[in-house]
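A short write-up of the structure that comes next.
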Amino acid sequence: MVINQDNCLELDRKLEITASVLRFFTDIFYILHIIFQFRTGFIAPSSRVFGRGVLVEDPSAIAKRYISSYFLIDILAVLPLPQVVVLIVIPKLQGSALLNAKNVLMFIVICQYVPRLVRIIPLYLEVTRSAGIITETAWAGAAFNLLLYMLASHVFGALWYLLAIERQDTCWRHACSKNKCTPDSLYCGGEHKGNNDFLSVACPLNDSSSDVFDFGIYLLALQNIVQSRNFLEKLFYCFWWGLQTLSSLGQNLQTSTYTWEILFAVFVSISGLVLFALLIGNMQTYLQSTTVRIEEMRVRRRDTEQWMSHRLLPESLRERIHRHEQYRWQETRGVDEESLLRNLPKDLRRDIKRHLCLSLLVRVPMFEQMDAQLMDAMCDRLKPVLYTEDSCIVREGDPVTEMLFIMRGKLESMTTNGGRTGFFNSDILKAGDFCGEELLTWALDPHSSSSLPSSTRTVRTLSEVEAFALMADDLKFVASQFRRLHSKQLQHTFRFYSPQWRTWASCFIQAAWRRYSRKKLEDSLHEEEQRLQAAMASSGANSPSLGATLYASRFAAIVLRTLRRSGTRKARLQERLPVMLLQKPAEPDFSAEEH
């Protein structure tokens with residue numbers, strides 16, 4: 001700052017501490033940003049499928065990617081060099097060395113803006129094309145662009161303040177060299193004797209038309225805020241100058257003939273033109289393009305609300321409808337993918353479908369034996385579907401209309417064997433699994449009826465699910481081509497991964513184990529009976545001993561009690577056995593000839 005009474009430069013210690021503390025707090029957020037970069041996963045570009053890729057969560061892979069990209073730039077941006085110069089270096093300097101330290105400090109501050117600007121540009125591009133919450137409303141996107149505009153105003157205002165002090169220092173040095181004074185006298189302290197009155201004449205600030213020295217665009221700063229010790233006054237005045245200059249595209253700037261001042265004014269004018277054009281353009285984009293899509297969603301939501309109110313739907317159903325609409329909007333952003341693909345040429349549509357679906361189909365072991373032609377036929381007929389949490393996809397006994405291939409999420413598949421008491425079986429389905437295999441059995445049967453098969457299981461979602469659906473008619477067409485494979489391995493694969501076959505196999509094993517246990521018990525009783533008869537025969541036919549008689553009576557009581565328990569258990573087993581035994585699932589015809 002400048003002290004008018006003594007015409008010397010002095011660093012405000014209070015302002016130094018304030019600026020250093022504020023810079024320290026901003027650096028904390030930057031350090032947290034660096035830490036989060038080591039903890040934040042990324043989507044591998046090679047794994048993008050169906051609009052989203054696979055999230056990489058391996059810490060070593062995340063660290064390697066970050067270190068090889070923006071880590072060095074972030075370190076340069078967060079280095080506490082200004083704090084070191086202000087709090088450690090400058091207090092140890094005296095005289096003209098302080099003026100040189102001022103130049104070094106200005107150079108460091110300006111240079112550290114470069115890596116920060118490099119990091120702001122990718123962030124700006126990411127936010128402008130992001131489908132996240134910041135672009136949900138038009139004003140949020142416009143506010144983000146306005147925030148960048150205001151940040152640029154603050155930066156240019158700060159540069160204007162620093163260059164104003166530099167311009168004052170230049171004028172004083174020229175005047176000092178003419179009057180044979182030492183440069184140390186320009187600093188308040190050390191050898192300063194207070195005899196710098198000639199500087200007021202050589203560098204006048206009151207007369208803007210002075211021909212002695214023209215301060216140009218820096219005159220307002222030197223007249224109004226350079227002498228002030230009020231931090232907020234300096235901050236807001238510089239910010240206002242930057243905002244006013246950028247908004248007017250530099251038309252309010254009255255420069256001198258100093259080359260670097262003119263270049264700074266040109267840079268400010270061009271930056272104002274670019275930033276103002278970006279601000280207006282992005283606001284127009286958000287207010288027109290983005291608002292159209294948002295308005296469509298609002299109209300649809302309003303119509304849905306009116307329809308639900310008219311039909312007097314309960315609150316539970318309304319909540320499920322809202323959750324489904326929100327999830328579908330989050331995943332598709334209102335884009336009708338099927339309609340978009342239908343308008344494309346057949347070959348292009350086939351290639352897109354293959355790119356989207358092929359990597360998912362190969363996860364299903366049942367389709368590993370399919371050739372490329374059948375894979376293309378499957379991909380062309382698969383349709384993406386979305387289900388929210390706790391949605392019932394199909395109920396036991398309902399007709400099966402589609403076969404689902406799960407891409408993401410978890411489902412629960414359960415059966416009660418037609419609602420019989422005492423029977424329950426459940427299984428968890430995840431990515432790579434499928435359900436609705438009853439439809440495949442029906443489609444592979446060349447003599448099947450036109451009525452769709454009934455579901456043997458109830459399938460309910462445990463989380464948000466993304467899947468591909470193959471409808472009954474499409475599956476019938478693919479199955480007609482599928483039967484030509486004549487693969488025994490395919491038959492075994494179908495049995496192994498089919499929940500219906502798994503349930504039947506587990507019930508079959510349980511029934512076999514119960515039969516084995518019952519037979520083992522009967523054999524044990526038969527052996528005990530033979531041992532009893534042998535013991536009684538050896539004791540003599542006419543005069544049995546007292547011990548043998550007691551043994552025989554005790555054993556007879558045990559046998560009778562065991563037989564009673566066995567009879568009761570056998571009766572219960574006979575009652576439960578029909579429940580446990582499921583009907584064997586129909587065998588898909590993998591070897592039939594084409595019809």
* Asked: In whole Hz, what ³J(HN,Hα) sequence does the stretch 399-409 give by Karplus (6.51, -1.76, 1.60; θ = phi - 60°), x for Gly and Pro?
  -> x, 8, 9, 7, 10, 9, 10, 7, 9, 9, x
* Residue by residue, what Karplus-based ³J(HN,Hα) values in Hz, rounded to whole numbers, does the stretch 219-225 have, using 6.51, -1.76 and 1.60 with θ = phi - 60° and x for Gly and Pro? -> 5, 4, 5, 5, 7, 10, 10
* Structure fact -> The residues 33, 526, sorted from fewest to most surrounding Cβ atoms within 10 Å, come out as 526, 33
* Asked: Sorting 296, 338, 437 on the 10 Å Cβ count, fewest up front, what's the list?
  -> 338, 296, 437
* Structure fact -> Highest mean packing first, using Cβ neighbours within 10 angstrom, the peptides 467-479, 242-254, 19-31 sort as 467-479, 242-254, 19-31
* **Under 12 Å, Cβ to Cβ, from residue 452 - net charge with Lys/Arg +1 and Asp/Glu -1** => -3
* Asked: What residues qualify as long-range amide H neighbours of residue 56, i.e. H under 5 Å apart, gap of 5 or more or another chain, H built at 1.01 Å from N?
  -> 42, 43, 44
* To do: Provide the gained length on full extension for the span residue 17 to residue 256, in nm with one decimal, where the gain is 0.36 nm per separating residue minus the Cα-Cα distance.
  => 82.6 nm
* To do: Report ³J(HN,Hα) in whole Hz for each residue of the stretch 371-388, in order, from the Karplus equation J = 6.51 cos²θ - 1.76 cosθ + 1.60 where θ = phi - 60°; Gly and Pro get x.
  => 7, 5, 5, 5, 4, 4, 5, 5, 4, 5, 9, 6, 10, x, 9, 10, 10, 7
* Structure fact -> The answer for residue 393, listing residues at least 5 apart or on another chain whose modeled amide H is closer than 5 Å to its amide H, is 459, 460, 461
* Asked: So who's got an amide H within less than 5 Å of the one on residue 187, skipping anything under 5 residues away but keeping other chains? H placed 1.01 Å off N, in plane.
  -> 9
* Pairwise FRET efficiency - residue 170 versus residue 43, Cβ, R0 = 45 Å, nearest 0.05 -> 0.30
* Asked: What pairs in 410/476; 92/178; 383/476; 14/180 have C-alpha atoms more than 23 Å from each other?
  -> 410/476; 92/178; 14/180
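No value in this document is a laboratory result; all are computed from the given coordinates. Everything quoted here is computed from the prediction, not taken from an experiment. Backbone-built Cβ (ideal geometry, glycine too); neighbour counts: all protein chains shown.
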